Amino acid sequence: MNERILVIDDEPLILATIERALSKLGYAVRTTGSVADFLDALSTAAFDLLIMDLHLGSISPDVLLEKVRAITPETKILTVSGSNYGFPEECFLQKPFKIDDLRHMVREMLDSPPCHRDK
């Protein structure tokens, strides 16, 4: 597998868990807890999937999504959060989650067209 995944979350344990779970399957995983580093990574490299916690405290979910879409409009996004915030069910994983559910959703999303948040 050569698929590249970028993950942002403000919880270090979640970042480590996602990185370990997906790296074991051969995905190239990059993690960050910083919005600035996340946006910089999007600007400098291509990713097949973004895994994002939208409730980061330092930026509103709408502003973060707007910035992401301005940089990479068609990159697939899996939202991993305590509350959905209007994403279709197939693009959202409720915290806390099971590792097998995460792995399954990642594979499904990589194999499917992008889904978009309801307006």
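No value in this document is a laboratory result; all are computed from the given coordinates. Computed from a predicted model, the values in this text were never measured in an experiment. Here Cβ is always computed from backbone atoms with ideal geometry, including for glycine, and neighbour counts include all displayed protein chains.
Structure above, values below:
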item: Environment charge of Gly82, counting only residues whose C-beta is closer than 10 Å and scoring Lys/Arg +1, Asp/Glu -1; result: 0
item: Rough spin-label spacing in nm, given labels placed 7 Å along Cα→Cβ, for Arg30 and Cys115; result: 2.6
item: Residues whose placed amide H lies under 5 Å from that of Tyr27, excluding near-sequence neighbours; result: none
item: Relative exposure of Thr79, Thr31, judged by other C-beta atoms within 10 Å (fewest first); result: Thr31, Thr79
item: Candidate values [x] 39; [y] 24; [z] 47, label of the one derived for percent of Cα pairs over 22 Å apart; result: [y]
item: Whole-Hz ³J(HN,Hα) from phi, Karplus 6.51 cos²θ - 1.76 cosθ + 1.60, for segment 98-108, glycine and proline x; result: 8, 4, 4, 5, 4, 4, 5, 5, 4, 4, 4
item: Amide H contacts of Phe92 (H built 1.01 Å from N, under 5 Å, at least 5 apart or other chain); result: Thr79
item: Gain in span if fully extended, Ser83 to Ser60, counting 0.36 nm per residue against the direct Cα distance; result: 6.9 nm
item: Neighbour-count order for His55, His104, fewest beta carbons within 10 angstrom listed first; result: His104, His55
item: Footprinting exposure proxy for Asp9, Asp111, Asp62 (fewest neighbouring C-beta atoms within 10 Å first); result: Asp111, Asp62, Asp9
item: Hz values of 3J(HN,Hα) by residue in segment 45-50 - Karplus curve (6.51, -1.76, 1.60), Gly and Pro given as x; result: 8, 8, 10, 7, 8, 10
item: Label-to-label distance, nm, for residues given as Glu11 and Asp100 (7 Å Cα→Cβ offset); result: 2.1
